[in-house]
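We did not get these values from a lab; they are worked out from the coordinates using the rules stated. None of these values were measured; they are calculated from a predicted model. Every residue, glycine among them, receives a Cβ derived from its backbone with ideal geometry; neighbour counts consider all protein chains shown.
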Amino acid sequence: MKHFSILALLACIALFSCKKKKDDLVDTPTPAVQQSKLSMKPVFGSANLMLDSVYTMSNGFQIKFTELKAYFSGIQSGGSVMKDVALFNFRETGNLIFQSNQVVANPSSIQFGIGVPSSINHNDPSTFPNTNPLNIAIANDMHWDWNPGYIFFKVEAKVDTIIDGITSCDHNLVYHVGTDSYFTNKTISNLTWAALSSTVNEAWLKIDLKNFFENSAAPIDVKTEFTTHSMMPQQSAITEKARQNFSASISEL
Amino acid sequence: MSRFFIGILSLLVFFLACTKAKVGYDPTPYSLKIPSHFPQMNIPADNPMTEEGVLLGRMLFYEKQLSLDNTISCGSCHAPDAAFADVNQFSQGVNGAIGVRNSMALVNLGWQTSYFWDGRANTLEEQILEPVPNPVEMHLQWKDAVARLKANGLYRNQFYKAFGVVDFDSSHVAKALAQFLRTMISGESKYDVMYKFANNIPLTSSESAIKNSVTSEEWAGFDLFKSLNGADCFHCHNGTLMQVQKFSNNGLDAVFSDLGRGAITNNPNDNGKFKVPTLRNIALSAPYMHDGRFATLDDVIEHYSTGIQHSTTIDPLMEFASQGGVQLDSEQRNQLKAFLLTLTDHNFVTNPDFKPLNP
């Protein structure tokens, strides 16, 4: 019986010595990381824009958007780079452009490029890290391998140009703008950041797709200027219009 | 007292006798052979690749016990000789049941963002769970399938080696199969060399030799393939995967008998859309389209050339739809077909690692 007691005692010691001591765990509070989140709300004039919904243009044509994507690069404020490259993909990821650990002044001015700078535009898209928006697995149909480089932005829509009271958006509009010469720099001044939580400040941009077509400086005639892939010389005029109008349509919300 | 010690000793002997001496759980990480011009593959954190898991997946892929009447395995409808697709328009399940869609070719699955023609599965593991209980496929309840596997010592050991579990279930079967399927990477076709060359990616000496063997007809076909005024294929089929991750209505029908993606999302804007498939090994994976309606590549080229049907959800990138198609002439069709044949990866379809263990 004495041996048994000794054995039991040893077993208990062995078991308890294996138990993780709570006292050993040092409870070191990690400082909360402050983040900035930039989002963009697509609108059509005064209306919030949703893909696959029908809107009416000033000329009475009806239009529904099916795709809206864009690369933003070199996003910085006050000399501080907030994000190298971000992919806005309205259908897949909603309004978010990016969220980063950089905190900037409030209000602030931000600068960014619409597209991918030529210094990296022609790199092998498989070599970017898996989480980089330029990695081909994320870029997906935003990369041209036939003319190596990225599509800077794409707007796709279907329009009804017959004003007869019957909605039939069956005329396709495709604006795929890329190639180095169509890279555009953009500045947004006095961007206001609001506290989304104790650690996240959020600012909103908007893109007005009504203005994309109806910008008075370079209106797009959807009947004749319905497609560009930025490549063929005969598409250069519409590509330039699309470039100008896309940039002009982005502003602070 | 001595009886007490004898009792303790007996218990010790009993427990030691139950210890698995032969089968251990010490999985070996599996190194995927990813071509240099491919992106890295995202592997789910809860299903890391191991040698043991891949081997088990390979065993399961050709395991006919996973079907009700022991006649069908995954490999029955995804045959190596057909680029892991089915030569039949619709695959035949147990008891002669016939499916309604063509079997998709299994290739480069680790980079897909959706599975099935209608994209109803978001992960490979999720996809794998469907065919076994599907009445028009293997028609076996998972509990019965797992019971069959558990009755087999070979599988019991292999599941333990792969996952450290004795009481395995369908999720372990799916994980093992997913691991095997992720190894099925195709990136060594003549097209891969053409892609690298076109994208200024350095070629090895052997690749340079392959590049020099590309015929003028194949180059012309490649040019047509990626030409806006040519075959205009590149919007949906490009890059290393020869596909983009999207759902598209490619003008097969004016009225849909199969809603495709629309039946999953219940969004009428998705009606008639199907997952864009890869064109890799396309010469081997006939018939074509979600319903296998086209028997040959010539039929497919004819469709895109003159057979486009307009509908409200047609892909905006089918830019010649209003003319019925891209209107390729006879010479262009031959060139395009010659290019499509460069997508055959002989090393992939003959890879012994993808064949049954005991053919």
How large is log10 of I(q)/I(0) for chain B at q = 0.09, 0.13 Å⁻¹ when the intensity is taken from the Debye formula with one equal scatterer per alpha-carbon? -0.56, -1.07
Can you list the DSSP H helices in chain B whose Cα atoms extend at least 30 Å along the helix axis and whose mean Kyte-Doolittle hydropathy is 1.0 or higher? none
Among the listed pairs A:Lys206/B:Lys246; A:Lys37/B:Lys275; A:Lys83/B:Lys175; A:Lys241/B:Lys337; B:Lys190/B:Lys273, those beyond 28 Å (Cα-Cα): A:Lys37/B:Lys275; A:Lys83/B:Lys175; A:Lys241/B:Lys337; B:Lys190/B:Lys273
Please state the relative contact order of segment A:33-252 as a whole percent: Cα pairs under 8 Å, 6+ residues apart? 24 percent
I want the local charge near B:Glu51. Using Cβ-Cβ distances under 12 Å, sum +1 for each Lys or Arg and -1 for each Asp or Glu among the other residues. -1
Take B:Glu302, B:Glu63 and order them by how many other Cβ atoms sit within 10 Å, fewest up front. B:Glu302, B:Glu63
Sorted by Cβ density within 10 Å, fewest first, the residues B:Tyr30, B:Tyr25: B:Tyr25, B:Tyr30
Which whole-percent values make up P(r) of segment B:82-146 when all C-alpha to C-alpha distances are grouped in 5 Å steps starting at zero? 4, 16, 22, 27, 21, 10, 1
At 0.890 mPa s and 25 °C, Stokes diffusion of segment A:36-95 via Kirkwood alpha-carbon radius, µm² per second: 182 µm²/s
Restricting things to Cα coordinates, could you compute the convex hull volume per residue of segment B:21-185 in Å³? 115 Å³
Counting pairs of alpha carbon atoms under 8 Å apart in space and at least six apart in sequence, what relative contact order in percent does chain B give? 20 percent
So what is the calculated 222 nm ellipticity per residue for the protein assembly as shown, using -39500 (n - 2.57) for each DSSP H run with n of 4 or more, over all residues, to the nearest 500 deg cm²/dmol? -8000 deg cm²/dmol
Cα atoms only: what Rg and Dmax, in Å, come out for segment B:90-190? 15.1, 46
For A:Thr93, A:Thr228, A:Thr179, A:Thr239, order by how many other beta-carbon atoms lie within 10 Å, fewest first: A:Thr93, A:Thr179, A:Thr239, A:Thr228
Cα coordinate range in the protein assembly as shown, projected on the principal axes (Å, largest first): 103, 63, 56
In the neighborhood of B:Ser171, defined by Cβ-to-Cβ distances under 12 Å, what is the net charge if each Lys or Arg adds +1 and each Asp or Glu adds -1? -4
Tell me, how many Å apart are the Cα centres for segment B:130-201 and for segment A:39-72? 43 Å
Could you state the principal axis extents of the C-alpha atoms in segment A:179-245, from the largest down, to the nearest angstrom? 52, 25, 18
Report, largest value first, the span of the C-alpha coordinates of segment B:247-359 along each principal axis, in whole Å. 49, 40, 20
Between exposed trypsin sites (Lys or Arg not before Pro) in chain B, where DSSP calls loop and at most 14 other Cβ atoms lie within 10 Å, what's the longest gap? B:34-359
Would you tally the net charge around A:Trp204, using a Cβ to Cβ cut-off of less than 12 Å, leaving A:Trp204 out, and scoring K and R as +1, D and E as -1? +1
In nm², what is the average projected area of the convex hull enclosing the Cα atoms of chain A? 22.4 nm²
What share of all Cα pairs of segment B:159-258, in percent, falls into each consecutive 10 Å distance bin? 12, 27, 23, 20, 15, 3
Cα convex hull of segment A:58-126: mean projected area in nm², to one decimal? 7.7 nm²
Give me a comma-separated list of calculated 3J(HN,Hα) values for segment A:119-128, in order, Karplus coefficients 6.51, -1.76, 1.60 applied at θ = phi - 60°, integers in Hz, x for any Gly or Pro. 5, 10, 5, 10, 5, 4, x, 7, 8, 6
Collect residues whose amide H, placed 1.01 Å from N in the peptide plane, falls under 5 Å from the amide H of A:Leu173; neighbours closer than 5 in sequence don't count. A:Ala157, A:Lys158, A:Val159
Taking amide hydrogens as modeled 1.01 Å from N in the peptide plane, which residues meet the under 5 Å criterion relative to A:Phe152, leaving out close sequence neighbours? A:Val177, A:Gly178, A:Thr179
Just counting partner chain Cβ atoms within 10 Å, what average do the residues of peptide B:311-317 show around their Cβ? 5
Can you list residues whose amide H is under 5 Å from A:Asn95's amide H, if they're 5+ apart or on another chain and H is modeled 1.01 Å from N? none
